[in-house]
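First comes the structure, then the notes that go with it.
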Amino acid sequence: MLTKLICAILFASHTLVSWAGPNDPIVSAAWIGESIPGQTTVTVQLNLTTVKAVNLLSVTSPAAESIEIHSLMQHKGEMKVRVVPNLMLPDHRTVIFGSKGLFLMMTGLKQPLNIGDKVQINLEVAFSDKQVKTISSFATVRKMDLSYKHYGPNEVYDHR
């Protein structure tokens, strides 16, 4: 009886967590800022740690129409944003999306994002042997302290 119960618990816990292989990239510290009424785009912040070199082919989520990989760089004295179709990630590195010029832009939100929500994020990667895998993770929706759209002449207004 106890053996059956332990097997059932192990099976249930295994079905809730997707198994990651020893060479699969690891997603950590994933979060999204809460959305305000009418907002259709947000950025996704996350760390992606690689064991082997991979090519990040795409990022998707059921909560949005698309997620684009963006690169922010200075060109001729101006900051330019460009969409990157895919991104080569070296082995044994952690790439932090949301810092140092790389970020993920979630566009076409299908519903408002409220504090505490968990949003599924799927990263499609290709290994050097051409094997393609989808790594799924969840980003937690966090409180946004300030909205960049609500600056007054001498102060910053909270969006609530």
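The values are calculated or read from the model by the stated rules, or taken from the named source; none is laboratory data. All values derive from a computational prediction rather than experimental measurement. All Cβ positions, even for glycine, are placed from backbone atoms using ideal geometry, and neighbour counts span all protein chains on display.
Here are the numbers for the structure shown:
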| quantity | calculated |
| --- | --- |
| Pair list, Cβ < 7 Å and 6+ apart or interchain, from the range 20-43 residues that are closer than 10 Å to MET144 by Cβ to residues that are surrounded by fewer than 18 Cβ atoms within 10 Å (Cβ to Cβ) | GLY33/ARG142; GLU34/ASN114; GLU34/ILE115; GLU34/ARG142; GLU34/LYS143; SER35/PRO112; ILE36/SER147; ILE36/HIS159 |
| Residue selected from the range 116-130 under the condition part of a loop (DSSP other than H, G, I, E, B) and modelled with pLDDT of 95 or more, by the criterion farthest from VAL54 (Cα to Cα) | GLY116 |
| Lone qualifier among GLY101, GLY33 - being modelled with pLDDT under 95 and either in contact with a Lys or Arg (Cβ under 8 Å, 6 or more places away or on another chain) or of a type in the set (Ser, Thr, Tyr) (or both) | GLY33 |
| Number of the condition not met by SER66 [criteria: (1) closer than 13 Å to ILE121 by Cβ; (2) in contact (Cβ under 8 Å) with a residue 60 or more places away in the chain] | (2) |
| Residue in the range 32-41 that is surrounded by 13 or more Cβ atoms within 10 Å (Cβ to Cβ), of a type in the set (A, V, I, L, M, F, W, C) and in a strand (DSSP E or B) present | yes |
| Considering residues of the range 35-81 that are over 13 Å from the mean Cα position of the chain (by Cα) and of a type in the set (Gly, Ala, Ser) only, the residue nearest to LYS130 (Cα to Cα) | ALA53 |
| The lone exception for THR94 - which of (1) touching a residue at least 60 places away in the same chain (Cβ under 8 Å); (2) farther than 16 Å from SER61 by Cβ it fails | (1) |
| Selection within the range 58-88 - at pLDDT 95 or above, over 21 Å from LEU109 (Cα atoms) and in a strand (DSSP E or B) | LEU87, MET88 |
